[in-house]
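The values are calculated or read from the model by the stated rules, or taken from the named source; none is laboratory data. Model, not experiment: these values are computed from the prediction. Please note: Cβ atoms are built from the backbone with ideal geometry, for glycine as well, and neighbour counts cover all protein chains shown. Surface accessibility is based on the protein's heavy atoms, side chains included, excluding ligands, DNA and RNA. Shrake-Rupley method; radii C 1.70, N 1.55, O 1.52, S 1.80 Å.
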Amino acid sequence: METAGCSAAAANGAVGSQRDRSLVPERLQRREQERQLEVERRKQKRQNQEVEEEKSDFFAAAFARERAAVEELLEGGESMERLEEAAARLQGLQKLVNDSVLFLAAYDLRQGQEALTRLQTTLAERRQELQPKKRFAFKTRRKDAASAAKVDSAPGAPAAEGILASPPPLKEEGGIGSSWVFGFSNVESQVLEKRAEELHQRDVLLTELSKCTVRLYGNPNTLRLAKARSCTVLCGPVSTSVFLEDCSDCVLAVACQQLRVHTTRDTRIFLQVTSRAIVEDCSGIQFAPYTWSYPGIDKDFEGSGLDRSKNNWNDVDDFNWLARDMASPNWSILPEEERMVQWD
């Protein structure tokens, strides 16, 4: 009996040993697979880093080359032909930045956008320098526009007559220096409109407006809204940049390549933008997709050069909020139930 018991125990031990030996290759195989996966992951990560570095190097070289070409055209910009060539290359430079957003570091992106802003400002200056007659024409219409504004604001005038068709000239502060630009200034509680033929590739400035509704039908080159209070501004597709400064309690609907918002609070922005929007020194900014429409907007989009399939309306950089693991408290997404706006 003892011999039988020993034999049985030996047999069980042998089976157990065989089972243990059969498990060893499985464990080794699984460990080898994990090791291979980790090697592949590290290899892929290294390749991705190399690709991003190559892309960044290509961007830096291409951006520097194109910026130098635009600066040369602007420095010798003694003809409208050279300025138009500079404008075309500047749009290409903006597209280069837009297409590089996904792999550019935040610092490089900011530097590129700031360089673009400076070039756009210089281009606007050169355009105005070559149009002295237009500046004189603005001044000669100043009295007529002021008279029209007085008539429209007379007691008992119908609301429809509050549209200021021929605004006084605007002198931009801190950006284009002494250049005269196109838009509205120092108006309160009026409906202001501009049509496509007036706006086409113009630089538009809206400043010192209060409780106004502004409709800009067409394709401007740039748009700047400054020192606006409780205003609604609706704008067609802007070829390059839109700037907001020192605004509060406003509503803006705009499509553009670049949006920068400074020192602004409690403002809703219905946006289509091909790069990342930027806010700085702001609070209470809310974003939603661009929904304004009007007859002819498709044609204006075609003329603007904007890619309608690309909309980064909810991809926003806050230059005052560096924490990547927490959302900025200075801007938010406008809830869907609050996006139903009657524009007209």
request  = Answer yes if at least one residue in the stretch 102-113 is at pLDDT 80 or above and open to solvent by less than 70 Å² (accessible area, probe 1.4 Å), and no otherwise.
outcome  = yes
request  = Of the conditions (1) touching a residue at least 40 places away in the same chain (Cβ under 8 Å); (2) open to solvent by 30 Å² or more (accessible area, probe 1.4 Å), Asp281 clears all except one; give me its number.
outcome  = (1)
message = Which pairs turn up if I take residues in the stretch 329-344 that are free of Cβ contacts under 8 Å to residues at least 40 places away in the same chain and look for partners that are open to solvent by 90 Å² or more (accessible area, probe 1.4 Å) and part of a strand (DSSP E or B) with beta carbon separation below 6 Å, at least 6 apart in sequence or on another chain?
response = none
ask   = Can you spot a residue in the stretch 254-265 that is within 28 Å of Glu197 (Cβ to Cβ) and free of Cβ contacts under 8 Å to residues at least 12 places away in the same chain?
value = no
query = Here are Asp300, Asp317: which of them is open to solvent by less than 40 Å² (accessible area, probe 1.4 Å), of a type in the set (Asp, Glu), assigned to a helix (DSSP H, G or I) and in contact (Cβ under 8 Å) with a residue 24 or more places away in the chain?
reply = Asp300
